[in-house]
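*Asks:* The following block contains the structure, expressed as structure tokens.
The values are calculated or read from the model by the stated rules, or taken from the named source; none is laboratory data. Computed from a prediction, not measured in an experiment: that's the story for all the values here. Here the Cβ is made from the backbone with ideal geometry for all residues, glycine too, and neighbour counts use every protein chain on show. Side chains included, ligands, DNA and RNA excluded: accessible areas come from the protein's heavy atoms. Shrake-Rupley method; radii C 1.70, N 1.55, O 1.52, S 1.80 Å.
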Amino acid sequence: MFINYEYEGHVYSVIVEHRDNEFFITYDNNEYTVTAEEVKPGLLKVKLGDTVIKCAISEGDENKFIFIDGDVYKVKRVELTGRRVTERKEGDLNSPISGTVVKVNIHEGDHVKKDDVLLVIEAMKMEYLIRAPYDGVIKKIHFKEKEQVEIGQLTVEIEKGE
Amino acid sequence: MFKKILVANRGEIAVRVMIACQELGVKTVGVYSDVDKKSLHVHMADEAVCLGDPPPSESYLNIEKIIEVAKRTGAEAVHPGYGFLAENPDFAKACEDSGIKFIGPSHKTINLLGDKIEAKKTMIKAGVPVIPGYQGERQDVDTLIKEGRKIGFPLLIKATAGGGGKGMRIVRSEDELEESIEGAKREAKSAFGNDSVFLEKYLDKPRHVEFQILADEYGNIIHLFERECSIQRRHQKIIEETPSPIMTSKLRSRMGDAAVKVAEAAGYTNAGTVEFMVDGDLNFYFMEVNTRLQVEHPITEMTTGVDIVKWQLRIASGEKLTIKQKDLTQRGHAIECRIYAEDPSHGFLPSVGLIKKIEMPIGPNIRNDTGVEADMEVSSYYDPLLAKLIVSSENRMESIMKMSWALSRYIILGVTTNIGFLRQVIEHPEFKKGNITTHFIDDYFKDLLSKRQTGLPLNAVISLAVYDALHSQRQEVVRFKEADPHSPWRRLGRWRIGV
């Protein structure tokens, strides 16, 4: 079984085979043989040589969360296509948060300067500012005041100036 | 004592209040919005009533609906928790007018102390030291800019009706002034329905030290010592401890006396908190009074043995305060960490999602105050505080070690939390030395927060692979390893996308 995990912009490719009680894992040009037990649903005890790894894993819609040594990592299983997994165009202004647009400072066609505040989004009574990443012209505004915006949604398109 | 009360809140604080009620044999009425239908506080309440749509204005901030529910269910009193209507004088008044006891000070006291400008004037008169600033009634932007220049930079803009860091801005130079005033006014308007702000001098090496007070309705007032709340992000506290590392017995008695004087001057009743700023030279200044139960009240309970919420109920039902100041002692040291659904590596942005798994650390002197459980959705409608972890020990160092242990075993999966970050703060050498100010996070974690990341550890990769192999439905047709020992896949490890 060949699996790719994506974590913070990196892909971790690993091969795992499950035979009887053992797992054979190939990762980063090394091979590991481990035994494992799922103590409770999502709670794993993995024996690798003399060390015992204890961790908790849960699955969301898209992501997996793993708790290990006091830290939590959010990973995504990705299909390997040989190409970049996420494409992010420069100048795309995605909302960092789900919330309500409380202020739109610009109109389509406006010239803006780097760091100008374009939109103000409010979530949980805190404000988040969407600023211009560079000097340019506003091509399209996707939200009006009082509209709900979801995390990751494109808010404003901006064409880079000369 | 009351027979039945309504708890006008959600999350961990509603649960905390209901526990006190249950201990005292008081029946509880819970209220909830549509999205909170399956919440812990709804399960805990003896009866629960839906308020309607999730936006706070339709639910937890809706005075009319809540009063109506209290009347209909026969609740004799309302506990407002913190946030929402806790410091809203109109709500206290509406309760009083309907013959329902508001568990907190009178609406007049809330009004006086809620207006930060009036509060300061009162305290100056009472001889309590305050920070220089502009607290005038003229609220046009030009006046504020002019007054801001007079005070000098850096300065702080705060919402007159505010609290909890909402509508608050630090201005470091004149060119940021106008934009900050406008932003603060907008935030204040939407959070409190009042866009009035005030300005004040921003202190060097400031610490936030507050005193818990309890006052009955017969003029008896005591303080339950201090809480050090300097560790903040976005002007909101994340770690609190008591005693404060800077406190001396002399300073403690001076500040405690001042806190009692503040309560007297305001005609305060029930539980409240007097906030002070303490500068590098240990001068202290009155900041404000939080006319409610504080998020961080448990550390005081851990070190004094006093149950603050039960006293709130007793005082509101007309009982006399039987604890005397001289009988109170602080024993040991307690720390609280606030577990937030937020992402420290992305500017502490609140995160949302479904909690798939939650396991809290248990052990000697560890207290978990929580409002969440597994399979609960964290939505963006409300404050992202999920739970509080409180520990106590003989001394500060032991408490730090215990907290560090407890955080490392605190599992929440499904939504990003600040637990890892809290542990980094607790384990920071300067924190251990007690060298903390309200700038601590900015001073020591700014760089760390933006870059960080060591990648996914080997043990995590192995465990994930094992998990997926265990849960795989597919039969493997080809065994890569055996199929081709020279396969390029074997060399793959960590690589980067799109570069």
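*Asks:* Across peptide B:345-352, how many C-beta atoms of other chains are within 10 Å of each residue C-beta, on average?
*Replies:* 4
*Asks:* Provide the FRET efficiency to the nearest 0.05 for the B:E176-A:D69 pair, computing r from the beta carbons and using R0 = 45 Å.
*Replies:* The pair B:E176/A:D69 has a calculated efficiency of 0.65.
*Asks:* Note the full-extension length gain between B:K3 and B:K108 as 0.36 nm times their separation in residues minus their Cα-Cα distance, in nm to one decimal.
*Replies:* So the extension gain works out to 35.2 nm.
*Asks:* Taking a ≥ b ≥ c as the square roots of the Cα gyration tensor eigenvalues, with a/c under 1.5 meaning rounded and otherwise prolate when a/b beats b/c, else oblate, which class fits the range B:207-450?
*Replies:* prolate
*Asks:* With a 1.4 Å probe and every protein chain left in place, work out the accessible area per residue of the protein assembly as shown in Å², rounded to a whole number.
*Replies:* Heavy-atom SASA per residue in the protein assembly as shown reads 44 Å².
*Asks:* Computed FRET efficiency, Cβ-Cβ of B:A126 and B:R149, R0 35 Å: what is it to the nearest 0.05?
*Replies:* That pair, B:A126 with B:R149, gives E of 0.70.
*Asks:* What distance in nm lies between label points placed 7 Å from Cα along the C-beta direction at B:E68 and A:H107?
*Replies:* 4.3 nm
*Asks:* Now, a different point. 7 Å from Cα along Cα→Cβ at both B:E217 and B:E137: what's the point-to-point distance in nm?
*Replies:* Placing both labels 7 Å beyond Cα along the Cβ direction yields 3.3 nm.
*Asks:* Given a 1.4 Å probe and the protein chains all in place, what does the accessible area of B:M397 round to, in Å² to the nearest 10?
*Replies:* Its accessible surface works out to 80 Å², give or take rounding.
*Asks:* Students sometimes get this wrong: rank B:M255, B:M360 by accessible area, probe 1.4 Å, all chains present, largest first.
*Replies:* Largest accessible area first, the list is B:M360, B:M255.
*Asks:* May I pose another question? How much solvent-accessible surface does B:S345 expose, in Å² to the nearest 10, with a 1.4 Å probe and all protein chains in place?
*Replies:* 20 Å²
*Asks:* How much of the accessible area of the range A:34-83, probe 1.4 Å, is carbon plus sulfur, in whole percent?
*Replies:* Carbon and sulfur together cover 43 percent of it.
*Asks:* While we're here: Applying the Karplus parametrisation 6.51 cos²θ - 1.76 cosθ + 1.60 with θ = phi - 60° to the phi angles of the range B:192-197, what ³J(HN,Hα) value in whole Hz is obtained for each residue in order, glycine and proline being reported as x?
*Replies:* 10, x, 8, 9, 6, 10
*Asks:* With label points built 7 Å along Cα→Cβ from the Cα atoms of B:K326 and B:K189, find their separation and express it in nm.
*Replies:* My value for the distance between the label points is 5.6 nm.
*Asks:* How long is the gain from B:K37 to B:N365 if the chain were fully straight, where each residue apart is worth 0.36 nm and the alpha carbon distance is subtracted?
*Replies:* Here the segment from B:K37 to B:N365 would lengthen by 114.9 nm.
*Asks:* Something else: Based on Cβ point charges of +1 for Lys and Arg and -1 for Asp and Glu, what charge dipole magnitude is obtained for the range B:165-209 about its Cα centre, in debye rounded to the nearest 20?
*Replies:* 360 debye
*Asks:* Determine the calculated [θ] at 222 nm for the protein assembly as shown from helices alone, applying -39500 (n - 2.57) to every DSSP H run no shorter than 4 residues and normalising by the residue count; nearest 500 deg cm²/dmol.
*Replies:* Result for the protein assembly as shown: -7500 deg cm²/dmol, rounded to the nearest 500.
*Asks:* Here's another thing I want to ask about it. How big is the accessible area of A:R77 in square angstrom, nearest 10, if you roll a 1.4 angstrom probe over the protein chains?
*Replies:* Accessible area of A:R77: about 100 Å².
*Asks:* Students often forget the sequence filter, so: which lysines lie under 18 Å Cα-Cα from B:K158 once same-chain residues fewer than 8 apart are removed?
*Replies:* Once the sequence-local lysines are set aside, what remains near B:K158 is A:K125, B:K116, B:K120, B:K121, B:K146, B:K150, B:K166, B:K185, B:K189, B:K201, B:K237.
*Asks:* First compute the accessible area of the range B:151-192 with a 1.4 Å probe, then give the percent of it belonging to carbon and sulfur atoms.
*Replies:* Of the solvent-accessible surface of the range B:151-192, carbon and sulfur hold 45 percent.
*Asks:* Given a 1.4 Å probe and no ligands, DNA or RNA in the count, how much accessible surface is buried by B and A, both sides, to the nearest 100 Å²?
*Replies:* Approximately 7000 Å² gets buried when B meets A.
*Asks:* When the accessible area of the range B:249-344 is split by element with a 1.4 Å probe, what percent falls to carbon and sulfur?
*Replies:* Carbon plus sulfur share of accessible area: 44 percent.
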